[in-house]
Amino acid sequence: MADRALAPIFDSRGAASRAIRTPKTAQLVAHNLRRMIIDGELKDGDHLPHEAELMEHYSVSRPTLREAVRVLESERLVEVRRGSRSGARVCVPGPEIVARPASLLLELSGATVADVFVAREAIEPDAARILATEGTEEDFDELERIVDEDIPAAFASDNLAAGTSAFHLRIVQLSGNATLAIIAGMLHEITERHTGAVLFETRADKEGYESSYKLEIRSCRRLIKLLRARDADGVFAHWQKHMVNARLSLLEGREDVQVRDILD
């Protein structure tokens, strides 16, 4: 009775049922190796075992194994140097693996740099709040080192945007929220390039340029002081104000600049 009741369903959806495919052996091998990378059994820089060992372990042919490795290579999880006898090397990707495709989508959608700065403004204060409660003294020391060493060095080499942008990104990364860190990493290149372009234009006003630099340093030091005090609400309020002021300053007269204009 049950079989007769199901028969019309299978008859009407025959095309859909025929579309179900058993994964290819190469895909199964790639899935297993991918899981080993995700679980940390294979770490960044490790080489995959030699072909003969993998072929024996998975009971597959050389073409099947090479197809599996090509799948991982297309995902940028392994790097294969042609002609090398050492085999495929594991490459654990960072945010840059999604940054370029994300930037392309922003370009295609006609997104403005203002969109990006508003998005960053929605991310960083919350990440800073998390950092205030979850961060370690070592995390705060690292941020302080960036303020004491990296940002001044960047200022001295006329590349202030790189130093300040690194500080902003590191706040999110140190918060420990992987999702926020990936999103921030995706936006990092766009905001750094725009900031660099604006600072380059304003560099002729030496007094104003130095004033902006000193203001940035004071604001960053204030943030670190609040972080060390574990004042999560104070951290959020301060960094939100900082982000709003930065956005207004960097976008003044440039509200309609598109992402594609920055990345071209």
**OP:** Evaluate the stretch 135-155: report whether one residue or more is at pLDDT below 95 and not small (Gly, Ala, Ser).
**Re:** yes
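Test of understanding: among Thr179, Thr195, Thr202, which residue is over 28 Å from Glu137 (Cβ atoms) and at pLDDT 90 or above?
On the way: Thr179 fails: over 28 Å from Glu137 (Cβ atoms); Thr202 fails: at pLDDT 90 or above.
When all the criteria are applied, what remains is Thr195.
Are any of the residues in the stretch 81-101 small (Gly, Ala, Ser), within 16 Å of the chain's Cα centre (by Cα) and either modelled with pLDDT of 90 or more or within 30 Å of Ala26 (Cβ to Cβ) (or both)? Steps first, please.
Just the residues of the stretch 81-101 that are small (Gly, Ala, Ser), to begin with: 83-84, 86-88, 94, 99.
From what's left, within 16 Å of the chain's Cα centre (by Cα): 94, 99.
Among the residues that remain, those that are also either modelled with pLDDT of 90 or more or within 30 Å of Ala26 (Cβ to Cβ) (or both) are: 94, 99.
Yes, the conditions are met somewhere in the stretch 81-101.
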Original post:
What is the number of the single condition among (1) more than 21 Å from Tyr213 (Cα to Cα); (2) in contact with a Ser or Thr (Cβ under 6 Å, 6 or more places away or on another chain) that Pro101 does not meet?
Top reply: (2)
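Name the residue that is nearest to Arg260 (Cα to Cα), counting only residues in the stretch 100-114 that are in contact (Cβ under 8 Å) with a residue 12 or more places away in the chain and surrounded by 12 or more Cβ atoms within 10 Å (Cβ to Cβ).
Here is the first cut: in the stretch 100-114, the ones in contact (Cβ under 8 Å) with a residue 12 or more places away in the chain are 102-103, 106-107, 110-114.
This time we only want the ones that are surrounded by 12 or more Cβ atoms within 10 Å (Cβ to Cβ), so: 102-103, 106-107, 111-114.
On the way: Ala102: 12, Ser103: 8, Leu106: 8, Glu107: 5, Ala111: 8, Thr112: 8, Val113: 9, Ala114: 13 Å.
Top of the filtered list is Glu107.
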**OP:** Within the stretch 58-75, count every residue that is surrounded by fewer than 12 Cβ atoms within 10 Å (Cβ to Cβ) and more than 33 Å from the chain's Cα centre (by Cα).
**Re:** 3
Original post:
Going through the stretch 237-264 one residue at a time, which ones are charged (D, E, K, R) and outside any helix (DSSP H, G or I)?
Top reply: Glu252, Arg254, Glu255, Asp256, Asp264
Original post:
Across the stretch 246-260, what is the total count of residues that are loosely packed, with under 14 Cβ neighbours inside 10 Å and either within 16 Å of Ala161 (Cβ to Cβ) or of a type in the set (Asp, Glu) (or both)?
Top reply: 4
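The values are calculated or read from the model by the stated rules, or taken from the named source; none is laboratory data. This one's a predicted model, so the numbers in the text were calculated from it and none came from an experiment. FYI the Cβ positions are ideal-geometry reconstructions off the backbone, even for glycines, and counts take in every protein chain you see.
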